[in-house]
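Engineer: Below is a structure I'd like to ask you about.
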């Protein structure tokens, strides 16, 4: 089945929120809280959706996952050059589509999009205690950069070095 990725529009705000809320609930049920419901509500994310930061993965035309792609992250990465990097956050896949294909498609898209923009790194972070998630990122090719305390969160920061574009 073909997975396509498109930029979310303001009309997709509820879809993006639903995907994020589903992931939030699933993680809460497993005792691994990530986001508060209020952080991923339509009201909370609508500005970022309107600004074109969210993308939706569709499997056979149905929303299967989402990712937030941004060109600046001063909260989690204040100590690096922002101009050479792109950053992903709010990365989630619906449970019906778990298993790796949708998440790999979203990360592959993010790497290619970063390359198209001429950036040298794709960076992300996750709660340092989430060893399974960290293993997924490392298996994809992300390299552990560092750990950092950000507010109440202790995060592991990862980077993926973008190969130069071949002309």
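The values are calculated or read from the model by the stated rules, or taken from the named source; none is laboratory data. Just so it is clear, the model here is predicted, and its values are computed rather than measured. Counting neighbours? That spans all protein chains shown, and the Cβs are built from the backbone with ideal geometry, glycine included.
The rows are residues; the columns are (1) touching a helix residue (DSSP H, G or I) at 6+ places or on another chain (Cβ under 8 Å); (2) at pLDDT 90 or above; (3) farther than 20 Å from residue 155 by Cα.
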position: 4; (1), (2), (3): no, yes, yes
position: 8; (1), (2), (3): yes, yes, yes
position: 13; (1), (2), (3): yes, yes, yes
position: 28; (1), (2), (3): no, no, no
position: 32; (1), (2), (3): no, no, no
position: 45; (1), (2), (3): yes, yes, yes
position: 50; (1), (2), (3): yes, yes, yes
position: 59; (1), (2), (3): yes, yes, yes
position: 67; (1), (2), (3): yes, yes, no
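Engineer: Take the residues in segment 47-62 that are in contact (Cβ under 8 Å) with a residue 24 or more places away in the chain and surrounded by fewer than 16 Cβ atoms within 10 Å (Cβ to Cβ); name whichever of them is nearest to residue 4 (Cα to Cα).
Structural biologist: Out of the qualifying residues, it is 60.
Engineer: Next up: Give the number of residues within segment 124-154 that are modelled with pLDDT of 95 or more, buried (at least 16 other Cβ atoms within 10 Å of the Cβ) and touching a helix residue (DSSP H, G or I) at 6+ places or on another chain (Cβ under 9 Å).
Structural biologist: Qualifying residue count for the region: 2.
Engineer: Okay, next question. Could you tell me whether residue 113 is more than 20 Å from residue 30 (Cα to Cα) and in contact with a helix residue (DSSP H, G or I) (Cβ under 6 Å, 6 or more places away or on another chain)?
Structural biologist: It is false that residue 113 is more than 20 Å from residue 30 (Cα to Cα) and in contact with a helix residue (DSSP H, G or I) (Cβ under 6 Å, 6 or more places away or on another chain).
Engineer: Still on this structure, I have one more. Which of the residues belonging to segment 63-82 are surrounded by fewer than 14 Cβ atoms within 10 Å (Cβ to Cβ) and in contact (Cβ under 8 Å) with a residue 24 or more places away in the chain?
Structural biologist: Those that are surrounded by fewer than 14 Cβ atoms within 10 Å (Cβ to Cβ) and in contact (Cβ under 8 Å) with a residue 24 or more places away in the chain: 71, 75.
Engineer: Evaluate segment 22-31: report whether one residue or more is under 22 Å from residue 142 (Cβ atoms) and either surrounded by fewer than 17 Cβ atoms within 10 Å (Cβ to Cβ) or free of Cβ contacts under 8 Å to residues at least 60 places away in the same chain (or both).
Structural biologist: yes
Engineer: Just to be sure I understand, how many residues within segment 150-167 are farther than 15 Å from residue 85 by Cβ, touching a strand residue (DSSP E or B) at 6+ places or on another chain (Cβ under 8 Å) and without any contact (Cβ under 8 Å) to a residue 60 or more places away in the chain?
Structural biologist: Qualifying residue count, segment 150-167: 3.
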